[in-house]
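Data first, discussion second: the structure below is written as structure tokens.
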Amino acid sequence: MRTYTDLSQPQPAKILLAQSQAQFLNHVMSLPFNVASHLDTAVRAAAAKLGLADRGFQPEVRVADPANGDYQANGALAFAKREKQNPRALAQQIVDELGGLQADYDISLAGPGFINFRLKPAALLAWLQTYDSEEHLQSGAASARHGQTWIVDYSSPNTAKQMHVGHLRSAVIGEAICRLLTFSGAKVIRDNHIGDWGTQFGKLIWAYKRHLDPAALDADPLEEFERLYKAGNSAAEADPAVLTEAQQELVKLQAGDAANLAVWKTINDVSLAAFQEIYDRLGIKFDAMLGESFYNDKVDRVYRELTGTGLAQPSEGALVVFHPEHPRFAQQPFIIRKSDGAANYASSDLATALYRAEHFKVDGIIVVTDFRQADHFEQLYLTVRKWFAAENYRLPELHHVTFGSVNGEDGKALKTRDGGIIRLKALLDEATERSYQLVSSKNPDFPEAERRAIADIVGVASVQYADLSQNRSSDYVFAWDKMISLEGNTAAYLLYAVARIRSIFRKAGLDAAMPPLADATAPETPQEIALARKLGKFPDAVQLATNTLRPHFLSLHLYELAGEFSTFYAADKVIVDDPAVRARRLLLCHRTLVELEAGLHLLGLRTDLERM
RNA sequence: GCGGGCAUAGCUCAACUGGAUAGAGCGUCAGACUACGAAUCUGAAGGUUUGGGGUUCGACUCCCUAUGCCCGCACCA
């Protein structure tokens with residue numbers, strides 16, 4: 001069975017590329033996977049013939065409003081303005097040079113100088129015949145980052161605490177980014193940078209030794225750890241002597257005290273096991289779990305090199321880095337070692353960056369956290385760039401992928417200290433239960449086990465999709481109904497389209513995985529053509545989502561695709577007597593299924609349901 | 001105080017990073033199941049893109065400014 005885990009493993013890109021080239025030879029030479037970049041090349045060549053190339057002409061090819069065409073080239077407008085030419089006349093000259101494209105496109109001029117390209121139905125068919133499976137879609141996309149290695153640091157919860165709804169965004173967005181990068185040909189290392197070495201362990205170990213309730217630990221360890229942490233925290237606030245004791249527990253731990261290390265290990269093991277249950281439900285498998293403790297013995301080198309290169313300096317007892325060229329960070333220090341000599345977030349993040357560059361030899365580092373850490377990462381990356389340059393280390397691309405905070409009804413961020421925390425596990429359970437109620441009311445005749453299985457998929461997918469369907473940079477107010485809605489632009493809408501297509505193939509007595517469609521003809525009705533045109537925009541959506549590290553662009557495409565399919569479905573009956581009509585509509589159904597599944601898998605969602 | 005982010009239909013969000021008439025969902029109103037599945041589809045109403053100025057062939061997008069909200073700024077992560 002092909003499941004959502006397929007794409008989590010790097011594909012053998014060379015073999016797939018070879019297959020892809022064979023496909024081109026069998027079908028059509030002129031329509032590559034990414035039509036937009038093909039047009040970009042063609043327009044660029046036409047401009048070169050007109051002698052515009054060395055004067056900075058850019059084609060500016062982009063996806064067009066469907067009313068105008070499939071793609072548009074806007075470059076003539078900007079160029080003509082700069083060169084004081086008539087833009088429309090210039091665009092006409094370019095069009096005149098594009099004769100070779102007339103076989104596949106209707107090309108037209110519009111407005112002040114837009115060049116519009118509309119794929120002809122036969123060309124749409126050729127594209128659909130070529131990209132007939134998830135594997136071939138990937139082989140088309142896989143050249144973009146072939147040979148690159150990226151590490152993505154996401155989820156990264158603190159041990160001894162439960163994951164709450166605020167942890168959802170990093171996990172879901174990070175996983176989607178991993179899959180997008182893999183799809184574009186990169187080798188991706190998923191790293192869960194666990195917070196397992198923070199100062200919380202001083203108070204926690206202090207309380208563990210004095211107030212542990214063994215029965216509670218047995219029943220629900222994470223609850224007990226949270227209770228202990230709160231107990232230690234309030235005791236330390238009330239009594240300075242306790243605070244000192246807690247700090248000493250931390251010092252003992254960091255010095256390797258056996259008893260404290262044992263407590264620490266217990267806490268971490270229990271926490272990781274609980275996290276794993278959540279990750280399993282979200283379809284996340286990490287390649288590495290290198291938490292803060294892993295870098296404990298690697299920070300001395302950071303201090304040494306940053307001091308040696310003159311980047312770091314002592315200040316008020318701490319070791320700090322200033323950035324004189326920066327308006328704020330010339331004054332605002334980046335503290336890389338505390339005045340008591342202990343490491344902090346900055347120390348371990350610097351050591352982490354170096355380890356990733358040296359050990360994994362990555363081309364890019366992506367860290368996914370909420371936007372409140374923007375200053376920290378700006379300082380971190382400024383420091384890493386100077387440090388690596390001074391030491392002559394190879395510098396990877398550095399990205400900090402931020403997202404808005406999940407807020408409560410009061411508009412303020414949900415915080416661990418507040419009473420109204422919503423646990424991630426409870427959220428997933430609630431979503432699954434609501435899905436179960438709906439599945440059961442719609443399909444009382446389905447076996448119980450199947451209804452449960454469907455609810456598992458739809459419920460979790462709804463939660464994931466709620467996050468992935470909106471631009472990550474905006475905050476959002478947490479609301480149950482919004483997170484697990486099953487109407488409108490939701491996972492349920494997309495999965496419903498998947499289920500309906502599978503149903504059609506069942507009805508037709510065909511295997512949806514491998515239907516015989518070689519003799520299908522080009523789309524004809526308006527709804528068929530609209531659906532085929534939308535299908536061809538998949539590469540643009542994937543590329544945009546990947547390059548901007550914003551998965552919602554892919555979500556939007558899938559939603560619109562499902563919409564086009566639903567319109568087509570209502571207007572054009574698929575299982576009809578006329579074999580030609582039937583074949584060409586079955587082709588559209590199959591490719592819609594392939595693309596919806598490929599896209600949903602890229603977002604991290606499961607699609608393995610036959611009906612719902 | 002310094003700095004960053006956000007402000008789009010009643011509500012929740014898009015708008016391919018400067019392109020053509022700003023689009024969806026929910027909600028409201030009017031229609032469509034003897035149909036391959038109505039968790040669906042078709043249509044209507046709903047906008048001075050927070051206010052004001054500017055840049056240009058063209059601005060939700062860039063610049064300035066005002067207002068409101070969120071966030072970060074010396075040893076938390």
Of all residues in the stretch A:464-491, which are charged (D, E, K, R), farther than 22 Å from A:Ser155 by Cβ and part of a loop (DSSP other than H, G, I, E, B)?
A:Glu487
What is the number of the single condition among (1) near RNA strand B (Cβ under 9 Å from one of its atoms); (2) touching a Cys at 6+ places or on another chain (Cβ under 9 Å) that A:Ile454 does not meet?
(2)
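Per-residue answers, yes or no, for (1) of a type in the set (A, V, I, L, M, F, W, C); (2) at pLDDT 95 or above; (3) under 28 Å from A:His359 (Cβ atoms):
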site: A:Ala241; (1), (2), (3): yes, no, no
site: A:Glu249; (1), (2), (3): no, no, no
site: A:Asp280; (1), (2), (3): no, yes, yes
site: A:Ala288; (1), (2), (3): yes, yes, yes
site: A:Thr307; (1), (2), (3): no, yes, yes
Residue satisfying all of: in the stretch A:61-91; surrounded by fewer than 15 Cβ atoms within 10 Å (Cβ to Cβ) and part of a helix (DSSP H, G or I); modelled with the highest pLDDT among these
A:Ala89
Tell me, please, whether a residue that is in contact with a helix residue (DSSP H, G or I) (Cβ under 9 Å, 6 or more places away or on another chain), more than 16 Å from RNA strand B (Cβ to nearest atom) and over 24 Å from A:Lys338 (Cβ atoms) can be found in the stretch A:252-262.
yes
Flag if A:Arg169 is away from RNA strand B (no atom under 16 Å from the Cβ), of a type in the set (Lys, Arg) and crowded, with 20+ Cβ neighbours inside 10 Å:
no
List pairs: first in the stretch A:429-441 and more than 12 Å from A:Val458 (Cα to Cα) and within 11 Å of RNA strand B (Cβ to nearest atom), second modelled with pLDDT of 95 or more and assigned to a helix (DSSP H, G or I), Cβ under 6 Å, 6+ apart or cross-chain?
A:Ser440/A:Arg451
Flagged pairs (Cβ under 9 angstrom, 6 or more apart or on separate chains; first in the stretch A:278-294, farther than 16 Å from A:Thr159 by Cα and in contact (Cβ under 8 Å) with a residue 12 or more places away in the chain; second among the small types (Gly, Ala, Ser) and part of a helix (DSSP H, G or I)) are A:Leu282/A:Ala171; A:Gly283/A:Ser8; A:Ile284/A:Ser8; A:Ile284/A:Ala171; A:Ile284/A:Gly174; A:Lys285/A:Ser8
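A quick yes/no check of all residues on (1) farther than 18 Å from A:Ser293 by Cβ; (2) touching a residue at least 60 places away in the same chain (Cβ under 8 Å); (3) within 39 Å of the chain's Cα centre (by Cα):
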residue: A:His164; (1), (2), (3): yes, yes, yes
residue: A:Gly174; (1), (2), (3): yes, yes, yes
residue: A:Thr182; (1), (2), (3): yes, yes, yes
residue: A:Arg190; (1), (2), (3): yes, yes, yes
residue: A:Ala215; (1), (2), (3): yes, no, no
residue: A:Asp220; (1), (2), (3): yes, no, yes
residue: A:Thr244; (1), (2), (3): yes, no, no
Within the bounds of the stretch A:514-530, is there any residue that is within 12 Å of RNA strand B (Cβ to nearest atom), touching a helix residue (DSSP H, G or I) at 6+ places or on another chain (Cβ under 9 Å), more than 26 Å from A:Asp65 (Cα to Cα) and not hydroxyl-bearing (Ser, Thr, Tyr)?
no
Checking A:Ala312, A:Ala353, A:Ala343 in turn, the sole residue that is at pLDDT below 95, crowded, with 22+ Cβ neighbours inside 10 Å and in contact with a strand residue (DSSP E or B) (Cβ under 7 Å, 6 or more places away or on another chain) turns out to be A:Ala343
Sort out which residues of the stretch A:407-455 are modelled with pLDDT of 70 or more and in contact with a Ser or Thr (Cβ under 6 Å, 6 or more places away or on another chain), and write them in order of number.
A:Ala431, A:Arg451, A:Ala455
Filtering helices (runs of 4 or more DSSP H) wholly in the stretch A:189-266 for at least 3 residues that are among the charged types (D, E, K, R) gives A:200-211, A:221-238, A:240-255
Being at pLDDT 95 or above, part of a helix (DSSP H, G or I) and either on the phi > 0 side of the Ramachandran plot or surrounded by fewer than 19 Cβ atoms within 10 Å (Cβ to Cβ) (or both) is the filter here, so list the residues in the stretch A:97-128 that pass it.
A:Pro121, A:Ala122
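The values are calculated or read from the model by the stated rules, or taken from the named source; none is laboratory data. None of the values given here were measured: they were computed from a predicted structure. Every residue, glycine among them, receives a Cβ derived from its backbone with ideal geometry; neighbour counts consider all protein chains shown.
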